[in-house]
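Asks: Before we start, here is the structure in question, set down as structure tokens.
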Amino acid sequence: MMDIKTAFPLDFSPVKKTTEFTLSSRPSLSYWQDAWIRLKKNKQALASLFIVVGLVVFTLIGPYVWRVDPSNQELSRISEAPSLGRSVLVLPEEVAYEEVVVAGHEESPTADGASLDATAEIQIMGVPSIQGVRFKWTPVKGAAGYSIYRTQTEPKDRESLGVPLSSIEGGNRVSFDDGFDLQAGRYFYAVVAKNGEESSKFKVISVDLKAGISLSDAQSISPDAKIGEMLKMGARPLGTDYLGRDMLARLIFGARVSLFIGFFAPLLYVILGILIGGISGYFGGKIDDWLMRITDFVLALPFLLFMILFKIAFGAGPGDDGIFPMLIALIVLSWTGAARLTRGQILQLRESEFVQASRLLGAKSLYLIFRHLLPNTLGVILVYLTFAVPSAIFTEAFLSFIGMGVAPPTPSWGSMCNDGIKSFLIHPHEFIFPALFISITVLAFNLLGDGLRDALDPKMRSQS
Amino acid sequence: MLSYVIKRLVAGLVTVFFIATATFLAMHLVPGDPISGAKAMSPEIRANIEARYGLDKPVAVQYVVFLTNMMKGDFGISFTQQNRSVNDIIAGHFPISATLGILAVLIAAMGGVLYGSIAALTRGKWEDRTVMFLVILGVSVPSFVFAALGQYVLTEINKRFDTEILPVGGWGTFSHMLLPALVLGLGTMAFLTRLMRSSLLEIVNQDYIRTAKAKGLPTRRIFFSHQLRNAILPVITFLGPAIAAITTGGFVVESVFAIPGLGRYFVQAVNQLDYTVIMGLTVFYGAFLVFMVILVDIIYGFVDPRISIAKGKA
């Protein structure tokens with residue numbers, strides 16, 4: 001008979017000690033580590049987290065990187081579209097306008113206004129710039145006055161001459177000075193003679209205007225600027241607002257206000273809510289009854305009306321930016337949600353086995369609250385807090401938008417939207433950028449909140 | 001049932017009383033008064049005006065007068081608009097706000113139920129994803145942005161067709177209401193869509209749905225007579241707070257679309273420190289909201305017979 005050991009040597013040889021072994025369990029993870037792992041898997045939430053961090057960095061570091069004064073008004077650069085610095089012509093100082101009056105012109109009171117001739121020639125006087133366009137023309141025989149029209153598209157007929165700028169009385173007054181809201185680009189001026197009614201003939205001159213600033217303004221930017229040179233102006237990547245202030249700098253400072261209220265108001269009122277809800281839930285009985293009655297009452301107040309009422313009651317005097325009153329008003333009116341949430345959680349946990357076991361082992365109230373009850377409600381509260389941030393940002397924006405929030409000149413995203421919406425159709429960038437910032441911030445917090453809820457509270461996991 | 005309704009109404013009245021008190025206190029904390037803002041006046045005239053509005057009396061007396069007048073339904077006379085009573089202002093402008101609000105709630109509720117159902121029925125497919133993306137957008141973009149964009153698009157459309165298809169602002173006809181009501185209802189619609197979707201998805205796994213399927217009922221029938229009817233309940237509960245949210249949002253929409261509603265009046269009154277108007281409107285709005293919530297709760301009791309409101313557990 002064959003030896004079984006020699007026939008199947010491998011099967012019956014002693015097993016060598018190896019270092020390989022299989023894990024019977026995963027490493028133990030704390031609640032927060034587990035939540036973090038789940039959050040990392042959620043791409044939307046992670047992207048939102050990056051946006052939130054980016055916004056905070058934008059707000060804190062922004063003013064040191066982008067060193068433009070947000071309150072500096074440059075009236076020569078009002079409502080400028082976004083640009084990375086444009087060049088402007090340095091112009092001589094403005095000279096006083098002298099009207100040209102010709103001698104020996106005769107008005108004929110009987111002439112038919114509609115059949116008057118057009119003027120023979122229009123001449124530009126001086127250097128036309130966005131600061132002013134001056135021109136003179138040869139007098140028209142028999143005219144008792146002239147009408148001046150301006151347009152930015154080439155006029156084809158009598159009807160398309162554009163805006164009537166001025167009506168000059170006196171046929172011998174043959175010059176005009178236009179300084180009304182000029183911007184870089186081409187303008188067409190038309191001169192129409194009149195005598196009672198306007199002539200059907202007209203003469204047009206076109207003028208190309210370059211963006212320009214006066215010498216003294218130029219020298220305040222760069223001391224050795226000379227007339228006729230091109231001067232490079234500072235970049236305005238997001239354009240300027242209706243007072244010529246840099247939009248990017250204002251958005252950074254507006255972020256300070258909006259995010260300050262957005263972060264701190266919820267933080268403070270959630271803490272207040274935890275305190276009230278915790279006391280209410282833990283002690284129960286009469287205290288609970290009264291606290292909940294107060295909660296119900298505060299909840300019944302019409303929120304925005306009382307926001308406004310409290311804001312003015314806490315006083316925003318002249319020169320006050322109105323941030324502090326808004327913070328107080330938000331805290332006073334918004335703690336109820338967190339209080340109810342905490343109370344409900346504590347009521348549930350109070351009766352749970354592990355708390356009862358701890359109590360049986362002689363744990364004191366304070367120990368129970370801080371060791372068992374609060375840490376176990378923290379997840380839910382963190383989710384609540386994440387959703388409270390966008391709603392606080394919304395509230396600030398709404399209030400500032402209707403002019404009841406942050407007082408000018410302090411910028412906030414909401415008040416910038418309010419300023420921008422007035423000229424939305426002409427200068428959309430003044431409205432769109434702050435609106436975009438509000439929307440992206442709120443969006444990021446909402447998505448982050450969704451992600452956190454899924455990660456922290458498996459019971460409340462949103463169905464997808 | 002009746003005793004529950006009475007109980008809720010009494011509780012509502014108490015809440016309104018507290019709202020009135022809080023308003024009164026807040027108004028008397030406000031620095032400055034409505035008279036001092038006006039032109040310089042001799043002490044005699046000032047005394048006369050103070051006497052007319054009862055400002056010469058001690059605060060406690062003013063409070064009692066305010067409360068008794070309020071109980072009679074009299075909110076007093078405006079400070080800035082001579083001889084116009086607050087009741088007058090409410091009667092003139094509240095119907096406008098209310099019409100706009102009702103239309104907005106209707107749009108929000110119908111849209112919410114429709115889109116929520118679509119999302120739930122096409123769960124995980126592109127329709128669902130699109131709807132949910134729009135929902136997130138709807139809750140994240142402030143209503144004034146929608147208002148501005150809506151106006152812009154409308155202007156462009158009107159320009160394109162060279163007629164006024166829908167007016168861009170103002171008030172008067174039904175066509176004036178459509179865009180503002182849509183803008184006002186969008187946020188709530190987004191919220192209701194999400195609510196409707198999750199409520200429908202919860203119900204899909206219920207036993208009675210499985211039973212209905214096992215019986216061989218057509219899908220359409222299951223959806224309309226089992227799923228929808230049960231899933232719509234949370235949406236109805238939310239309508240109370242939704243009305244509140246929509247009246248609040250009305251402030252912004254009324255200002256963007258130049259609608260002469262009560263919200264705009266309130267903002268104006270606050271700017272001018274018009275005591276009586278501010279107090280009157282706050283109490284009025286507060287009472288309105290409180291009773292709206294009660295009304296919705298009572299309706300809820302009728303819709304869902306499982307909830308016995310007689311025990312006060314609605």
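Asks: State which residue is surrounded by the most Cβ atoms within 10 Å (Cβ to Cβ) when the search covers only segment B:106-157 and only residues that are among the polar types (S, T, N, Q) and free of Cβ contacts under 8 Å to residues at least 60 places away in the same chain.
Replies: B:Ser140
Asks: Here's a follow-up. Counting only residues that are touching a helix residue (DSSP H, G or I) at 6+ places or on another chain (Cβ under 9 Å) and farther than 30 Å from A:Glu80 by Cβ, give me the strands (runs of 3 or more DSSP E) lying completely in segment A:108-203 with at least 1 of them.
Replies: The qualifying strands (runs of 3 or more DSSP E) are A:185-195.
Asks: Ok, one more. Restricted to segment B:137-166, and to residues that are facing another protein chain (nearest Cβ under 7 Å) and in contact with a Ser or Thr (Cβ under 9 Å, 6 or more places away or on another chain), which residue is farthest from A:Pro428 (Cα to Cα)?
Replies: Selected residue: B:Ser140.
Asks: Looking only at segment A:284-295, decide whether some residue is of a type in the set (Val, Ile, Thr), surrounded by 20 or more Cβ atoms within 10 Å (Cβ to Cβ) and within 13 Å of chain B (Cβ to nearest Cβ).
Replies: Yes, that holds for at least one residue.
Asks: Related question: Is it the case, given these coordinates, that B:Thr211 is assigned to a helix (DSSP H, G or I) and under 21 Å from B:Val131 (Cα atoms)?
Replies: no
Asks: Further question: Out of curiosity, is A:Phe306 free of Cβ contacts under 8 Å to residues at least 40 places away in the same chain, within 28 Å of the chain's Cα centre (by Cα), in the same structural domain as A:Ile274 (by TED's automatic domain parsing) and part of a helix (DSSP H, G or I)?
Replies: Considered against the rule, which asks whether it is free of Cβ contacts under 8 Å to residues at least 40 places away in the same chain, within 28 Å of the chain's Cα centre (by Cα), in the same structural domain as A:Ile274 (by TED's automatic domain parsing) and part of a helix (DSSP H, G or I), A:Phe306 comes out as yes.
Asks: How about segment A:405-421: which of its residues are of a type in the set (A, V, I, L, M) and surrounded by fewer than 24 Cβ atoms within 10 Å (Cβ to Cβ)?
Replies: Scanning segment A:405-421 gives A:Ala407, A:Ile421.
Asks: For segment B:258-267, which residues satisfy the criterion of being within 10 Å of chain A (Cβ to nearest Cβ) and either surrounded by 23 or more Cβ atoms within 10 Å (Cβ to Cβ) or out of contact with any helix residue (DSSP H, G or I) (no Cβ under 7 Å at 6 or more places or on another chain) (or both)?
Replies: B:Gly263, B:Phe266
Asks: For segment B:184-225, give me each residue that is within 14 Å of chain A (Cβ to nearest Cβ), within 20 Å of B:Pro142 (Cα to Cα) and of a type in the set (A, V, I, L, M, F, W, C).
Replies: B:Leu184, B:Leu186, B:Ala190, B:Phe191, B:Leu195
Asks: Grab the helices (runs of 4 or more DSSP H) fully contained in segment A:4-55, keeping just those with 3 or more residues being modelled with pLDDT of 70 or more.
Replies: Output list reads A:31-41.
Asks: Could I ask something else about it? Of all helices (runs of 4 or more DSSP H) completely enclosed by segment A:350-464, which ones contain at least 1 residues that are more than 10 Å from chain B (Cβ to nearest Cβ) and under 22 Å from A:Ser280 (Cα atoms)?
Replies: A:353-360, A:374-401
Asks: Take the residues in segment B:209-228 that are free of Cβ contacts under 8 Å to residues at least 40 places away in the same chain and hydrophobic (A, V, I, L, M, F, W, C), then tell me which one is nearest to B:Leu114 (Cα to Cα).
Replies: In this case the residue turns out to be B:Phe224.
Asks: Inspect segment B:228-246 for any residue being under 18 Å from B:Phe144 (Cβ atoms), in a helix (DSSP H, G or I) and at pLDDT below 80 and give the result as yes or no.
Replies: Within segment B:228-246, one or more residues are under 18 Å from B:Phe144 (Cβ atoms), in a helix (DSSP H, G or I) and at pLDDT below 80.
Asks: Which condition number in (1) modelled with pLDDT under 80; (2) buried (at least 18 other Cβ atoms within 10 Å of the Cβ); (3) touching an Asp or Glu at 6+ places or on another chain (Cβ under 7 Å) is the one that A:Val140 fails?
Replies: Answer for A:Val140: the failing condition is (1).
Asks: What about B:Ile45, is it more than 24 Å from A:Ala313 (Cα to Cα), surrounded by fewer than 14 Cβ atoms within 10 Å (Cβ to Cβ) and at pLDDT below 80?
Replies: yes
The values are calculated or read from the model by the stated rules, or taken from the named source; none is laboratory data. Fair warning: this is a prediction, and the values are worked out from it, not measured in the lab. All Cβ positions, even for glycine, are placed from backbone atoms using ideal geometry, and neighbour counts span all protein chains on display.
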